[in-house]
Every structure is written in structure tokens, then in C-alpha cells.
Amino acid sequence: MEAIFINNKVFIKLLIPEIDKSYDISLPVNKRIGNIINLLSMAVSEMSNGELRPSKNNVLYNARTGEKYMPNTLLLNTNIRNGTILVLLTN
């Protein structure tokens, strides 16, 4: 079954255990996971009024499978689809 992307984006739920918050976010499918992690870190820092500091050491995991996403992988080439729950952790 082929994935359907609306405007080349996927809609995910992002959990940030460090600050006990979650966000519904759309992610571009044509970006690398490393770039997405950086963008998410900066956005969450801004949305949480600095509770989470942007870091180069943040990692992204699938909440259901525990899979760690590698920074050089395009989001399109992962199993991240609409409705996926991701966890952003400081490594």
C-alpha cells in the first residue's frame, strides 16, 4: 500500500518526556531526520518558553516500536506516517 502524503507532510504526535509535554506537528517528508530533529528542538524550545534547550544530542524514537531514527535518513524513507507517535530525547 502506498503512503499518502498531504502537501508532502506527515502529521505526528511528538512526546517530550523531559518537560512532560506533547505536540501535534506536521513534518516535511523530504527532509533528513537530523534536520528535523534540529527544527523540532528549536520549535519545542520556543513553544515551551525555553524549558527544553535545543541540543545537537537530541534523538528521535518511535514510541511504539522503540526504533531510533538515524540523522542521515530522509523521513520519506522511514516508517513515519500520519498518526505516528515520536519521542524526542536528549541523548
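The values are calculated or read from the model by the stated rules, or taken from the named source; none is laboratory data. Keep in mind that this is a model prediction, so the values were computed, not measured. All Cβ positions, even for glycine, are placed from backbone atoms using ideal geometry, and neighbour counts span all protein chains on display. Heavy atoms of the whole protein, side chains included, go into the accessibility calculation; ligands, DNA and RNA do not. Shrake-Rupley method; radii C 1.70, N 1.55, O 1.52, S 1.80 Å.
At-a-glance table
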| read-out | value |
| --- | --- |
| Accessible surface, the chain, averaged per residue in Å² (probe 1.4 Å) | 62 |
| Computed Rg/Rh of the range 14-58, alpha carbon atoms with Kirkwood Rh | 0.94 |
| Relative contact order [Cα under 8 Å, 6+ residues apart], the chain, whole percent | 37 |
| Estimated FRET transfer efficiency (Lys56, Asn7; beta-carbon r; R0 22 Å; 0.05) | 0.15 |
| Nearest-ten-degree value, helix 33-47 long axis tilted from longest Cα axis of the chain | 50 |
| Solvent-accessible area, 1.4 Å probe, carbon plus sulfur percent, for the chain | 49 |
| The chain: C-alpha pair distances exceeding 24 Å, % | 12 |
| The chain - mean residue ellipticity at 222 nm from DSSP helices (-39,500 (n - 2.57) per run, n ≥ 4, rounded to 500) | -5500 deg cm²/dmol |
